[in-house]
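Data block below; observations after.
The values are calculated or read from the model by the stated rules, or taken from the named source; none is laboratory data. Computed from a predicted model, the values in this text were never measured in an experiment. So basically every Cβ, Gly included, is an ideal-geometry build from the backbone, and we count neighbours across all protein chains shown.
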Amino acid sequence: MALQQQITSFVSTANVGKLSATQENDDSVFSDSTPAKPKSAKRPHTCLSSDGDHSLCIETELNEIRNSMKNILKKEDVKLIVTETVTSLLTQMKKEMKKDLKKEMMVEIQTNQEKIEQHFKSEVSRLSARIDSVEFDNANILEKNASLHKENRLLKEEIENAGRRATDAMQLSNWNEQYSRKKNVKIFDFPEKRGEKLPHNFLNEIGKLDVKIDPSEIVAAHRIPGKPGKPRPILVKFLRMESKIALLRNRKLINEKLEVRISDDVTRLNQGLLNRLYLHEDVTSAWYFNGHIYGTDNNGERHRFDIYDNIRQKLKS
């Protein structure tokens, strides 16, 4: 609609020289074949008054008609004018449309840019607040972590101290228990009989081997639990250490003749240490003496071991 109005306005106001010369009375006619016949010019007064000059008047009129026909626009001229007009209008409209489109695009871009900037600022503000919250939480966590590290260190120290105290207590307890068994011996594989009298039966048997032990030197003698299918071991407690030593000096003879085995009364922890030494590849022999456990290495060197010792490290020291 805007294009039609612009074309109409442009055509109506164009300076068409040829068209205006022949449109004094707005009666010009455009045709696809031949132009319409223009109105005849008024015949001169002389043509009406003189018959002799009639032919001359006709020719004059014809010349006037020809001259008028020259000023009438042709179809090709009209097409050319319309084409040029439309082309000019289209070019102008294209420029204007480009300007309007560019303006609209710039407005849209600016609007979107403002929206993006606003959204970006909002996100940055939100993330900044979130980061501040995380940093605050992180600071609290670091503080709690430091406190936990301190508590953990204190607990580890307490555990280590408790472990050392427990180790010392176990070593002391083992030592006290072993000391209380200092005058004791165990006799294994001695035949067990119903109604036997201990220690008299054993003393009578070793007396046959000329090993004399005064019964008054024995504080107590009784059977203790042993392995199933074998005679229960006999635990003998001496009054004096000298009596125990006298028995142990003849231990080899007694063991061979009576087919028994006599040993010191060691604690469960010391017995476990002896078993580990017996099984260790770098220990050639192990024994108990006077409350302590000893062993020799492959080089023949003797070492004293405690229940919590690392055997391999002890052998290297």
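Points to keep in mind about this one:
- Single residue of His292, His280 found to be modelled with pLDDT under 95, in contact with a helix residue (DSSP H, G or I) (Cβ under 7 Å, 6 or more places away or on another chain) and not aromatic (Phe, Trp, Tyr): His280
- Segments classed as strands (runs of 3 or more DSSP E), wholly inside the range 187-300, with at least 1 members that are of a type in the set (Asp, Glu) and closer than 22 Å to Asn174 by Cβ: 261-264
- One residue from Asp189, Asp210, Asp137 being within 30 Å of Lys237 (Cα to Cα) and either surrounded by fewer than 11 Cβ atoms within 10 Å (Cβ to Cβ) or hydrophobic (A, V, I, L, M, F, W, C) (or both): Asp210
- All of Ile254, Ile262 fail the test of being surrounded by 17 or more Cβ atoms within 10 Å (Cβ to Cβ), in contact with a helix residue (DSSP H, G or I) (Cβ under 6 Å, 6 or more places away or on another chain), over 25 Å from Tyr179 (Cβ atoms) and touching a residue at least 24 places away in the same chain (Cβ under 8 Å), apart from Ile254.
- Counting residues in the range 131-153 that are part of a helix (DSSP H, G or I), over 30 Å from Val266 (Cβ atoms) and in contact (Cβ under 8 Å) with a residue 12 or more places away in the chain gives zero.
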